[in-house]
Every structure is written in structure tokens, then in C-alpha cells.
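Down below is the structure, laid out as C-alpha cells.
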Amino acid sequence: MSENAASTYFNRTMQLLADVGRQESESISRAAELLAGRIARQGLVFLFGNGHSRMMCEEMTPRQGCFAGFVALVELALSNHSAIIGANGLRAPLFLEKCEGYAEEILRGFRFGPHDAFIIISTSGIRPVIVEMALGARKRGLPVIGIVSLRHSDQSPPAHSSGKKLADLADVVIDNQCPPGDCVLELPGLEWRTGPASTVTGAMIINMIRVETAARLLERGVKPVLLPSHQFVGNSGAEEQLERFYEAYRRSLAHLYAAPGEDGA
């Protein structure tokens with residue numbers, strides 16, 4: 001019996017995950033070392049992605065097993081499009097991600113610290129808002145880790161007026177191994193492929209970064225304050241740990257909003 005579509009998708013995506021493990025481990029280790037060094041010095045790591053890439057930001061935090069030091073920089077105007085048409089539909093975010101100047105306005109809302117860093121996620125790596133976010137981080141002296149499909153990016157012309165792509169600006173580039181267009185499956189009778197894989201490989205990369213960063217923080221004598229599973233009803237230990245996480249997260253954000261000369265704690 002021939003392989004069905006679901007099995008084909010599974011097998012092809014599992015191969016991409018194997019490629020991530022084989023080819024990106026060194027880059028993930030470099031990223032984790034950079035991030036551990038930043039978080040150990042009270043820095044914050046901001047995650048940004050527009051559209052579907054927002055999911056990778058929220059896979060990092062807030063998530064069971066996450067810890068203070070990561071911030072999901074989620075801009076709703078760029079990622080709240082589940083209605084598809086009408087208000088909060090898909091047209092406006094697709095338009096906004098092409099607008100130069102938008103990312104800089106987002107960045108101006110924060111007072112970044114000298115030890116902060118960015119993880120920027122984009123399968124194409126070419127959208128103006130993505131490129132501008134990377135440019136803005138670098139202008140502020142903050143290192144950038146880029147998660148991108150190099151096969152898609154390499155075959156695509158730049159869309160930002162600088163002529164740059166995310167891969168050109170990132171201090172560490174992690175390839176999500178996805179094909180151009182993201183989808184891995186062709187079905188007879190369909191003109192376009194289906195079965196996107198970047199969510200699967202992206203989530204794997206995010207979690208590999210998370211656990212390796214935690215391990216390297218422990219090597220530095222820094223114990224991350226983890227968000228526990230809150231599904232254990234009546235578990236007072238989990239409830240107490242949840243409160244500790246809230247407080248650690250609150251304190252980690254202090255420098256973002258403090259006036260010059262204040263620590264905000």
C-alpha cells in the first residue's frame with residue numbers, strides 16, 4: 001500500500017527535524033552561550049516574529065518550563081489575523097509587515113539595557129518589518145539571533161530598502177531547514193503545496209535554545225526561576241513556584257520602564 005498524505009508529511013517533517021539536529025546544533029549552542037551570558041547579567045532576550053512566527057515567541061514564553069529572562073515582543077497588529085477577512089483580518093498585517101518605519105516605532109516603546117538581546121524569527125527573512133527590527137536592535141548595540149529558512153531567504157530578493165535580509169544582520173543564524181514556501185507536500189490536483197513545517201522545526205529550535213540556555217546558566221551558578229506546570233490542582237508547591245516566577249519576571253523587566261538613573265525594582 002502506498003504511503004498516504006499524512007504519513008508523507010510526517011516522514012518529510014521528521015527528516016527536517018533530523019536535519020536541524022545534525023546541522024544546527026553548533027549554532028544553537030552558540031546562541032545559548034550568548035543568551036546565558038546576557039541573562040546572567042540581568043539582560044533580557046526579546047523574541048519577535050510577525051504573522052505565524054509569533055507562535056515561536058510564545059513557545060518560548062510564557063510556557064511550562066520557561067524562565068525569567070525571555071520576553072515575547074508580540075505586536076498584535078502584525079499577528080492577530082485569525083478572522084482572515086473584515087476587522088482583525090489578514091490583509092492589514094500583510095500590508096503592515098511591508099511598511100518601513102513600523103518596527104522602529106515598536107522599539108521606541110522600550111528602554112533597552114546594555115545586556116539585552118534579540119531572537120528574530122522569520123521563515124523568509126526578508127520582510128521589511130523583520131529586517132528593520134534586526135537593524136534597530138543592532139543600532140542599539142544588541143546582538144541578534146535569526147531563525148530563518150536559508151533556502152527560502154537565499155532564493156528571494158531583498159524587500160527592505162537597505163538591501164539586507166535577516167541572515168545578513170544576525171550574529172547567529174539558525175536555519176529551520178524548511179523549503180522555499182514552507183510547505184513540504186504536493187498533492188495531485190492542487191497547484192500549491194500544503195503541509196507547512198516551520199512551526200514544527202521552529203518549536204524544536206526554540207526549545208533546544210531554552211534548555212541549553214538553562215544548562216549554561218546553571219554552569220554559571222545562576223539558577224533560572226521556572227514557570228511550573230499549573231495543571232496540578234491542589235499542589236501548593238506548584239502554586240508557590242508560580243508566584244516566585246511572577247516576581248522574578250516582574251523584576252527582570254525593571255530596566256525597560258525605569259527613568260534614567262533608576263533601577264525600577
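Okay, here's what the table says:
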quantity	calculated
Principal-axis tilt of helix 128-139 within the chain, Cα atoms, nearest 10 degrees	30
Rounded, prolate or oblate (a/c below 1.5 giving rounded, otherwise prolate when a/b exceeds b/c) for the stretch 69-174 by Cα gyration tensor	oblate
Under 27 Å from K165, Cα to Cα: lysines that are on another chain or at least 8 residues apart	K98, K139
Normalised contact order of the chain, rounded percent, pairs of Cα under 8 Å and 6 or more residues apart	23
Whole-angstrom gap from the stretch 12-28 to the stretch 37-51, using each part's C-alpha centre	23
Accessible area per residue in Å² at 1.4 Å probe, computed on the chain	51
Principal-axis tilt of helix 236-252 within the chain, Cα atoms, nearest 10 degrees	90
0 to 90° range, to nearest 10: angle between helix 25-40 axis and the chain longest Cα axis	30
Taking the stretch 101-160 and dividing mean pair separation by its residue count, relative contact order in percent (alpha carbons under 8 Å, at least six apart)	42
Sum of -39500 (n - 2.57) over DSSP H runs of 4+, divided by residues of the chain (222 nm, nearest 500)	-13500 deg cm²/dmol
Protein accessible area in the chain, 1.4 Å probe - carbon and sulfur %	55
Fluctuation leader among G163, G125, G221 - the chain, Gaussian network, Cα springs under 10 angstrom	G221
Extension gain from E219 to E100, taking 0.36 nm per residue of separation minus the Cα-Cα distance	38.7 nm
Contact order normalised by residue count of the stretch 43-109, Cα under 8 Å, 6+ apart, percent	26
F70 long-range amide H proximity, modeled H, under 5 Å	V45
Selected from E58, E247, E104 as most flexible by GNM, with the chain as the system and alpha-carbon contacts under 10 Å	E247
Inter-centroid distance (Cα atoms) of the stretch 61-126 relative to the stretch 169-213, Å	18
Förster radius 35 Å - calculated FRET efficiency between R111 and S25 (Cβ-Cβ, nearest 0.05)	0.50
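The values are calculated or read from the model by the stated rules, or taken from the named source; none is laboratory data. These numbers come from a predicted model, not from an experiment. Cβ atoms come from the backbone with ideal geometry, glycine included; neighbour counts cover every protein chain shown. Side chains are part of the model used for accessible areas, which takes the heavy atoms of the whole protein and leaves out ligands, DNA and RNA. Shrake-Rupley method; radii C 1.70, N 1.55, O 1.52, S 1.80 Å.
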